[in-house]
Amino acid sequence: PVVGLDIDSGEVVWRGPSGPQGYAAICLDENTLFAGANGSNFAAVDLATGKTLWSQNGGHQNRQFMSFTRFGDLAYVPGSMTGTVMAWDPIRGRTKWHEPIWPGQQLPINNGGSPGYEVFADLAVAHGRVYAGSNDGKLHTFSAEAGERGWAFDAGSPIQSSPSIAGETVYFGAWNGYVCAVDALSGQQRWKLKPS
């Protein structure tokens, strides 16, 4: 289960939702904890009481392998095993948008869809965009508010490194050993380096 501990004594103050929690770190804002809960569900938990505020299903067998990203008015999370990016209202848990990495993907990857588009990296949000690395070797972007598809940068190898953004540059690594620096606005490569 998700548990709340007293910061001084380490004693359990509350117990939140129980069940398979996935492998991701929890995400917090001032009042709420966001984490995987009960199989394919993702939940928001009140930090003071441990009460579940809402729970959303992320798709068949879609365990929380990656963490939520809380930014602005929304909470974002990759649907790792379904190859999607999701945005939810952090207060009510209503789906704002839910988009597949591959534009033509109608079925979840693990329920009849084409494999190779899994998202095994945390998301980054900046400049009005969500940045998502994928097993298809591309860093994809979506508009943060509506999920509209933006540019995609092809790194030539699966990306399972969470993107990091400084100023107008996004940095990430790929399976081929390269670290890439890409213009966060245009998607143009700034540089690519293979550390020795």
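The values are calculated or read from the model by the stated rules, or taken from the named source; none is laboratory data. None of the values given here were measured: they were computed from a predicted structure. Please note: Cβ atoms are built from the backbone with ideal geometry, for glycine as well, and neighbour counts cover all protein chains shown. Accessible surface areas use protein heavy atoms only, side chains included; no ligands, DNA or RNA. Shrake-Rupley method; radii C 1.70, N 1.55, O 1.52, S 1.80 Å.
Here are some notes:
- Enumeration of residues in segment 165-183 that are surrounded by 20 or more Cβ atoms within 10 Å (Cβ to Cβ) and assigned to a loop (DSSP other than H, G, I, E, B): Ala174
- Options Ser162, Ser143, Ser186, Ser157; residue that is within 20 Å of the chain's Cα centre (by Cα), more than 18 Å from Met86 (Cα to Cα) and open to solvent by less than 70 Å² (accessible area, probe 1.4 Å): Ser157
- Unique residue being assigned to a strand (DSSP E or B), open to solvent by less than 50 Å² (accessible area, probe 1.4 Å) and under 20 Å from Gly16 (Cα atoms) when the list is Trp54, Trp151, Trp97: Trp54
- Applying the criterion of being hydrophobic (A, V, I, L, M, F, W, C) and under 18 Å from Gln105 (Cβ atoms) to the residues of segment 67-86, the residue that is surrounded by the most Cβ atoms within 10 Å (Cβ to Cβ) is Val77.
- Close Cβ contacts (under 8 Å, 6 or more residues apart or on different chains) running from residues in segment 141-157 that are closer than 23 Å to Gln189 by Cβ to residues that are among the hydrophobic types (A, V, I, L, M, F, W, C) and assigned to a loop (DSSP other than H, G, I, E, B) comprise Ala155/Ala174; Gly156/Ala174; Ser157/Ala174; Ser157/Trp175.
- Qualifying residue in segment 103-112 (condition: within 27 Å of Asn31 (Cβ to Cβ) and not charged (D, E, K, R)): no
- Residue count for segment 120-140, restricted to those that are more than 16 Å from the chain's Cα centre (by Cα) and touching a residue at least 40 places away in the same chain (Cβ under 8 Å): 1.
- Filtered by the rule that a residue be in contact with a strand residue (DSSP E or B) (Cβ under 7 Å, 6 or more places away or on another chain), under 17 Å from Gln160 (Cβ atoms) and either of a type outside the set (S, T, N, Q) or free of Cβ contacts under 8 Å to residues at least 12 places away in the same chain (or both), segment 40-79 gives Arg63, Met66, Val77, Pro78, Gly79.
- Here Asn62 passes the criteria (1) farther than 19 Å from Ala25 by Cβ; (2) buried (at least 23 other Cβ atoms within 10 Å of the Cβ) except the one numbered (1).
- Test: residue in segment 12-20 that is over 22 Å from Thr95 (Cα atoms), surrounded by 13 or more Cβ atoms within 10 Å (Cβ to Cβ), touching a Gly at 6+ places or on another chain (Cβ under 7 Å) and modelled with pLDDT of 85 or more: yes
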